[in-house]
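Structure first, commentary second.
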Amino acid sequence: MTRATTPAQGVERARALLEEQARALTAVAGRIDEGFARGLALLAARTGKVVVSGVGKSGLVARKIAATLTSTGTPAFFLHPVEALHGDAGLVETGDVALVLSKSGAGDELDGVLPLFARLGVPVVALTEHADSPLARAAQAVIAFGPLDEAGGLGGAPTTSALVSMALGDALATALARDRGFKEDDFAFLHPGGVLGRRALLRVRDLMHTAPGLPSVGREETLHQALLAIMAGRLGLALVVDGAGVLCGVLTDGDLKRILLARGTDDLFATPVETVMNRSPRTIDGEALVAAAVRAMEENEPGPITALVVVDPAGRPEGVLHLHDCLRLGVR
């Protein structure tokens, strides 16, 4: 097959695309106005997390922005608008602020998630091309980057718009970090590489919570008993064990919220915990490095988690490592 582009032409086209995108970024920088300031103020004033949402390519950019926010000290997570309608809405709480990405600012996929935010009183910051769009009209702050030509000459492929959205997300994340006095050392600690560099020999066993303070219930016990264990343990979860003390599953406070949202309160707390527990909890060996534990929590699928269960070779819980324990190391 004959190639349509020579190597030299490929280099020139790449340079032309990058130059076109650079001009677009410069143009958008000149359009940043009070909308960006309002969005930044809403995000800075939140008492909860930043819920970053989008579909398609905007969703991929949203995931990256959520990761950047988290790594620079702003708690954030990605919420897919469709998955929000199938249980993940329970992750959203009063005090959160939503950052919603959509180039067009329109589309049926937003019809479910925007009413959810409104019902929970969660302010919306829109990141979109169009200042007059359904998304913008539903938002409390609008960061509109204006019309853009997509670089590369491939029609609607979102090249420049995706780059601009990502850059604006970085601008929000870094502004929030600087507003809180977040320093380079703080980033080095939150990033697993920083933990490896400064705490190379620190093991999970050195930080984990151990018995008798571990919150646990038998698999035959009820959600009411599990809730009491979660509250007493102050780790955001309860371990579910069988008669031999082997770990069968976990129940987190997030699980409880999703169950409550899906089923309501009728006979809820009399439900046997084994019917609703997570039967595949994330575990780790006590001799693992804390850095590996942080990475496992951050890179968990389908989303980040805040705790790992430490088990012995027989599968019995030895401890629980919470992300907050890692953050309290205070590397400076």
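The table below lists the values:
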{"item": "Cβ pairs under 6 Å, 6+ apart, first in region 274-299 and polar (S, T, N, Q), second modelled with pLDDT of 90 or more", "result": "278/249; 278/250; 283/309; 283/311"}
{"item": "Region 41-61, subset modelled with pLDDT under 95 and among the small types (Gly, Ala, Ser), residue farthest from residue 95 (Cα to Cα)", "result": "56"}
{"item": "Residues that are farther than 26 Å from residue 209 by Cα and in contact with a Leu (Cβ under 7 Å, 6 or more places away or on another chain), drawn from region 263-287", "result": "268, 269, 271"}
{"item": "Test: residue in region 34-57 that is under 22 Å from residue 161 (Cα atoms), in contact with a helix residue (DSSP H, G or I) (Cβ under 8 Å, 6 or more places away or on another chain), among the charged types (D, E, K, R) and not assigned by TED's automatic domain parsing to the domain that holds residue 257", "result": "yes"}
{"item": "Matching option when the condition is over 12 Å from the mean Cα position of the chain (by Cα) and either among the small types (Gly, Ala, Ser) or assigned by TED's automatic domain parsing to the domain that holds residue 115 (or both), among 60, 79, 69", "result": "60"}
{"item": "Filter pass, residue 80 being under 19 Å from residue 39 (Cβ atoms), of a type outside the set (Val, Ile, Thr) and surrounded by fewer than 23 Cβ atoms within 10 Å (Cβ to Cβ)", "result": "no"}
{"item": "Selection count where residues are among the polar types (S, T, N, Q) and either under 21 Å from the mean Cα position of the chain (by Cα) or under 20 Å from residue 108 (Cβ atoms) (or both), scope region 130-145", "result": "1"}
{"item": "Residue check for residue 74: assigned to a helix (DSSP H, G or I), crowded, with 19+ Cβ neighbours inside 10 Å, of a type outside the set (Lys, Arg) and touching a residue at least 12 places away in the same chain (Cβ under 8 Å)", "result": "no"}
{"item": "Condition met for residue 85 (in a helix (DSSP H, G or I), in the same structural domain as residue 36 (by TED's automatic domain parsing) and modelled with pLDDT of 90 or more)", "result": "no"}
{"item": "Subset of region 41-87 (residues that are aliphatic (A, V, I, L, M), under 14 Å from residue 127 (Cβ atoms) and in contact with a strand residue (DSSP E or B) (Cβ under 8 Å, 6 or more places away or on another chain))", "result": "42, 43, 50, 51, 52, 55, 61, 62, 65, 66, 69, 76"}
{"item": "Residues of region 1-53 satisfying the condition of being farther than 30 Å from residue 135 by Cα and assigned to a loop (DSSP other than H, G, I, E, B)", "result": "1, 2, 3, 4, 5, 6"}
{"item": "Residues that are more than 19 Å from residue 326 (Cβ to Cβ), surrounded by fewer than 19 Cβ atoms within 10 Å (Cβ to Cβ) and among the hydroxyl-bearing types (Ser, Thr, Tyr), drawn from region 198-242", "result": "222"}
{"item": "Test: residue 297 is within 27 Å of residue 202 (Cβ to Cβ), surrounded by 15 or more Cβ atoms within 10 Å (Cβ to Cβ) and not assigned by TED's automatic domain parsing to the domain that holds residue 76", "result": "yes"}
{"item": "Members of region 1-21 that are of a type in the set (A, V, I, L, M) and surrounded by 13 or more Cβ atoms within 10 Å (Cβ to Cβ)", "result": "16, 17"}
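The values are calculated or read from the model by the stated rules, or taken from the named source; none is laboratory data. Predicted model only: the values in this text are computed from it and were never measured. Because the Cβ atoms are built from the backbone with ideal geometry, glycine has one as well, and the counts that use them run over all protein chains shown.
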